[in-house]
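Below: one structure, written as C-alpha cells.
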Amino acid sequence: MVKITSFVTRDVRFPTSLDKTGSDAMNAAGDYSSAYCIIKTDSQHEGHGMTFTIGRGNEIVCSAIGLVASLVVGKDLDEITADWGKTWRYLVSDSQLRWIGPEKGVIHLALGAVVNGLWDLWAKVLNKPVWRIVADMTPEEVVRCIDFRYITDALTPEEAIALLKEVEPTKQDRIKDAEQNKAVPAYTTSAGWLGYSEEKLKALLAQSVKDGFKHFKLKVGGSLEDDKRRLAIAREAIGYDKGNVLMVDANQVWSVPEAITYMNELAQFKPWFIEEPTSPDDVLGHAAIRKALSNTPYGPIGVATGEMCQNRVMFKQFLQAGALTVLQADACRVGGVNECLAILLLARKFGVPIVPHSGGVGLPEYTQHLSTIDYVVVSGKKSLLEYVDHLHEHFEHPAGVKDGYIVTPTEPGYSVQMKPDSMDQYSFPGEAGKSWWTSEEAKVILDGPRVV
Ligand SMILES: [Mg+2]
C-alpha cells in the first residue's frame, strides 16, 4: 500500500525567448516553462507531473496545483486508482475551485499536472510505462478510468467498450509494433518557427529530410508575402511528389473570413491542414473554415485544432459539428490521462485521427504514451506525432525519434521526471548563484522591454 503524504510544486522556466524557439504568429517570445508537481509518498516512489506554459503566469498555475494536489494528500494510491473515473470526478468537484473553471483554464491546467503525476506514481509502483498500463487493461477497465459526464449524448460507456472490443483481437500485434518502435510515426516542426531566418529554415528542413521525416509543419500567419516565400522554400526542400506532407499552423491569429481568404492564397503549396486557424473556442467557425477549404483549385485543405481546447466537452462539439480533420489534444491542458482517454475514444467514434499537441517542454514525453495508447488500444490505426527536438536533455528519460518513428518509452512512469539539476538551474525566480534567472545573462529578458 502506498500512501500520499505531501507534494511539492516547482516553477521551472527555460529562456527559449533568447533564440526564438517556439515563435509563431501569436507567441513572439515564449520561455518554455513547466508548472511542476512532485507527489510524495510513504514509499520510495514519487509521482512527477507537470503542465506546460510559456512563461509569465507559470506561478499562477503552480499555485493552483497546490490547491488541487492537497485533495489527494492522505489518500492511498489503491483507493485513487481502483475507480479512476470516480477519483477524477472527485478532483473536479471542489465547488469553490470549480467556480474558477469549471474544467477549464488555470485550474484545469493544474488538474492535468496532478492527475498526470498520479499516473506517473502508479506506473512506477506497477513498474510499467503509462502506455503499457492502459494496454494491459480490459476494455471495461479502460472505460472505468473515464468520467462520462457531459459526453454521453455522443458516446456512452457501453459504446466505448464496444469500440475497444472491435480492435482488441489484434492488440497483441500492435503491442509488438510498439516494442519495436514502430507504433507512432513522427513529424517535425523543428524548422518551422516563425522567428527563424530563411537560411536556418533551409538548413533545418534539409536535415529533417535526411533524418527520414515525411511530414513537416511550418508556422504561418505573420505576413502573407513572407509565408509564400517560406512555403516555397519548404516545398523546394521536400518536393511535391516525394510522398512528403506539408502542414501549416496559424496559432489563432485570424477571424473566420480571414482564415479562408489567407488559406486560399496558400493553397498552391498544398498543405494537408491548417492548424488553429482561429479562436480555439469557435466550434462553428472551424466548421465553416473546413467547409470553405474543402474544395480549393489545388485540392482540399483540412482543419486541425486542439492544443488550446480546454476539455472533452469542447472536443465533443468540434467532432459533432464536423469541424476537424485532425484532433490535436494536449496532454496537460485537459485533465490528464483520464480525460485524454475520453477524447481518444470520442475521436475514434467520429473517425478523426489523433495527432496530440507536442510543441512544448515535456509534451513529447507525455504524448509518446498517448499516441501509443491510441494506436495499440483505441483506434488500432497508426497516426502521427509531432517531435520537436529541444529541451529533452532536462528529462531523466527523454522522448526520442528513430527512423521516422517515436521511440516507445519503456521506463516505468509517464516520462516527465525532470533532472534535479535542471530544476534548480532554471527555477524561477530562483536562488541566487544557483538559478540562471539570477545571472547577468537573464537581465536581457528580465529588464528588457516586455515582448508580447
Ligand atoms: Mg500549434
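For the range 200-264, which trypsin sites (Lys or Arg not before Pro) are in a loop by DSSP, counting at most 16 other Cβ atoms within 10 Å?
Details: sites: Lys200, Lys202, Lys210, Lys214, Lys217, Lys219, Lys228, Arg229, Arg230, Arg235, Lys242; in loops: Lys214, Lys242.
Of the trypsin sites (Lys or Arg not before Pro), the ones in loops of the range 200-264 whose Cβ has at most 16 other Cβ atoms within 10 Å are Lys242.
Between Asp42 and Gln268, what length in nm is gained on full extension when 0.36 nm per residue of separation is reduced by their alpha carbon distance? Display every interim value, and only then the final one.
Details: separation 226, 0.36 × 226 = 81.36 nm, distance 6.01 nm.
Extra length from Asp42 to Gln268 when fully extended: 75.4 nm.
Please work out the FRET efficiency for the pair Asp153 and Lys443, using the Cβ-Cβ distance as r and a Förster radius of 45 Å; give the result to the nearest 0.05. Before the final figure, lay out each step's value.
On the way: r = 54 Å, r/R0 = 1.20.
Efficiency, from the Cβ-Cβ distance: 0.25.
3J(HN,Hα) couplings calculated from phi for the range 42-59 with the Karplus curve 6.51 cos²θ - 1.76 cosθ + 1.60 (θ = phi - 60°) are, in sequence order, 8, 10, 7, 8, 10, x, 10, x, 7, 10, 8, 9, 10, x, 3, x, 4, 5 Hz; Gly and Pro show x. Take the Cβ atoms of Lys176 and Thr5, set R0 to 45 Å, and the FRET efficiency comes out at 0.70.
With both labels modelled 7 Å from their Cα along Cα-to-Cβ, the Lys381 to Glu198 distance reads 3.9 nm. Within the range 98-164, the chymotrypsin sites (Phe, Trp or Tyr not before Pro) that combine a DSSP coil assignment with at most 15 other C-beta atoms in a 10 angstrom radius are Tyr150. Here each label is just a point 7 Å from Cα along the line to Cβ, and for Lys75 and Asp136 those points are 2.2 nm apart. Between the range 178-251 and the range 334-374, how far is it from one alpha carbon centroid to the other, in angstrom? That distance is 22 Å.
List the relative contact order of the range 168-407 as a percent without decimals, with contacts defined as Cα pairs under 8 Å and 6+ residues apart. This gives 22 percent for the range 168-407. Using alpha-carbon pairs under 8 Å, 6+ residues apart, how would you state the relative contact order of the chain in percent? It rounds to 19 percent for the chain.
Label the range 161-232 by shape, choosing from rounded, prolate and oblate, from the square roots a ≥ b ≥ c of the eigenvalues of the Cα gyration tensor; if a/c is under 1.5 it is rounded, and otherwise prolate applies when a/b is larger than b/c, oblate when it is not. Working shown, then result.
Values: a/c = 5.09, a/b = 2.35, b/c = 2.17.
In terms of gyration-tensor shape, prolate.
For Lys381, the shell of other residues with beta-carbons less than 15 Å away shows a net charge of +1, using +1 for Lys and Arg and -1 for Asp and Glu. Qualifying trypsin sites (Lys or Arg not before Pro) in the range 370-435, where qualification requires a DSSP coil assignment and no more than 11 other C-beta atoms within 10 Å, are lacking entirely. Beta bridges per DSSP, both residues in the chain: antiparallel share near 55 percent.
Could you sort out which of Lys124/Lys176; Lys128/Lys419; Lys214/Lys316; Lys176/Lys381 sit more than 26 Å apart by Cα distance in this structure? Over 26 Å apart, Cα to Cα: Lys214/Lys316. Between the C-alpha center of the range 56-109 and that of the range 402-418 there is a gap of 26 Å.
Full extension from Ala82 to Lys165: what is 0.36 nm times the residue separation minus their Cα-Cα distance, to one decimal in nm? If you can, show how the numbers build up before the last one.
On the way: separation 83, 0.36 × 83 = 29.88 nm, distance 2.15 nm.
Full extension from Ala82 to Lys165 adds 27.7 nm.
Spread over its residues, the convex hull of the C-alpha atoms of the chain is 139 Å³ per residue.
With the alpha-carbon atoms as the only input, what is the per residue convex hull volume for the range 168-407 in Å³? It would help to have the intermediate numbers written out before the result.
Numbers: hull volume 29.4 nm³, N = 240.
Per residue, the Cα convex hull of the range 168-407 comes to 122 Å³.
Cross-link check: pairs Lys228/Lys349; Lys104/Lys443; Lys20/Lys402 evaluated at a Cα-Cα cut-off of 30 Å; pairs beyond the cut-off: Lys228/Lys349; Lys104/Lys443. Could you tally the net charge around Asn58, taking each other residue with its Cβ under 9 Å from the Cβ of Asn58, Lys/Arg +1 and Asp/Glu -1? Once positives and negatives cancel, what remains is -1. The residues neighbouring Leu201, those whose beta-carbon lies less than 13 Å from its own, together hold a net charge of +3 under the Lys/Arg +1, Asp/Glu -1 convention.
Coordinate-derived values only; no laboratory data. All figures in this text were calculated on a predicted structure; none of them were measured in a lab. Counting neighbours? That spans all protein chains shown, and the Cβs are built from the backbone with ideal geometry, glycine included.
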